[in-house]
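Inspection log for the structure reproduced underneath, given as structure tokens.
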Amino acid sequence: MKRACIIGYPVAHSRSPLIHNYWIDKYSLNGIYVKESVSHETIVDFISSLREKGYVGGNVTIPHKHVPLQIAARVEPEAQAIGAANTLWFEDGQLIAGNTDAYGFITHLDEQVPDWRADLPAVVLGAGGAARAVLYALLRRSVPEIRLLNRTREKAERLANEFGPAVQVADWQTRSGALAGCGLLVNTTSLGMAGGQALEIDLAALPSAAAVYDIVYVPLQTALLEAARARGLRTVDGLGMLLHQAVPGFARWFGVRPQVTAELHHLVAQDILRG
Ligand code: ATR
């Protein structure tokens, strides 16, 4: 039996087991995907001995995404550029660390809004780990200008220095005006999450062809997406990104490239609704 896991701390909330075990079942594979709660003290040992523990690979989540970069025999270019790894597997017995967040982000966008305007500026809100994956993905598509706005401006400046001149930093207070002439708005902040603070932004300046992408997926329909829909704009939810980022890891561990289906989307959405 092939075993894979999600490594985090805490990890109880993770929906990855639901996704991967659904696919294992669907494709009648002899495998299992489990949660591994691993603290800071033991994370290096744990990842270093993943193979000895009987795993063919796994996912890494908060707060350990930077750890594989120091341990892996090879770090894939995406993981290096984003500064975090979320997927581990073995090649010739060697540990490889990759990042599938940028892939999940862009694949879901292409699927939901195939004609999204990569030739227009984009606005990205936030400068945390998720923002790094989004910047990487958009720059790979040659988006000419990314307006990056974050409550703590210095964090945005740091990202702009790293990712190059296409990333233009603006003040968090100017976020509604920054939408003028843009083809895409992406929220990577935690604003709008269930039980948290709201994201206050006026979408009036967004052109009518623009798409609005919220990577927050609890709740599934955030106030941002509702406001975008009310304005007649195309919207992209964060759950699809979560589902798509799981595909490359599963394919490496179990040898089958799984489909992100409406049935899987419904299964995970129901789980989110249950809380
Ligand atoms: P992730 O890895 O998911 O991106 P993170 O690194 O904790 O998570 O980043 C959270 C983002 O949400 C940050 O951009 C954060 O802004 P700061 O860099 O100023 O902390 C943003 N964020 C969280 N709470 C916010 C709030 N009340 N107002 C504005 N931005 C907020």
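Coordinate-derived values only; no laboratory data. Keep in mind the model is a prediction, meaning the values are calculated, not measured. Methodologically, a virtual Cβ is constructed for each residue, glycine included, from the backbone with ideal geometry; neighbour enumeration extends over all protein chains shown.
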Answer check: the stretch 1-52, Cα atoms, Kirkwood Rh, Rg/Rh ratio of 1.03
Taking the square root of 5λ for each eigenvalue of the C-alpha gyration tensor of the chain, the equivalent ellipsoid has semi-axes, largest first and in whole angstrom, of 32, 21, 17
Checking rank on 153-164, 79-90, with mean other Cβ inside 10 Å and highest first, the result is 79-90, 153-164
At q = 0.13, 0.22, 0.23, 0.28 Å⁻¹, the log10 of I(q)/I(0) for the stretch 105-162 from a Debye sum over equal Cα scatterers comes to -0.32, -0.86, -0.93, -1.23
Using alpha carbon centers only, the stretch 48-110 is separated from the stretch 180-226 by a whole-angstrom value of 28 Å
Filtered pair list for the chain (Lys only, Cα < 17 Å, 8 or more apart or interchain) has a length of 5
Per residue convex hull volume, Cα only, the stretch 168-275, in Å³ is 135 Å³
The size of the Cβ-based charge dipole (Lys, Arg +1; Asp, Glu -1) of the stretch 1-111 about the Cα centre, to the nearest 20 debye, is 320 debye
Charge tally for neighbours of A198 with beta carbon under 15 Å away, counting Lys, Arg as +1 and Asp, Glu as -1, is -2
Rounded to two decimals, the Debye log10 I(q)/I(0) of the stretch 34-174 (Cα scatterers, no solvent) at q = 0.20 Å⁻¹ is -1.13
In the chain, taking the dipole from +1 charges on Lys and Arg beta carbons and -1 charges on Asp and Glu beta carbons about the Cα centre, the listed residue (G58, L225, A73) farthest towards the positive end is G58
Taking the chain and counting helices only, DSSP H stretches of n ≥ 4 at -39,500 (n - 2.57) each over all residues, the nearest-500 ellipticity at 222 nm comes to -10500 deg cm²/dmol
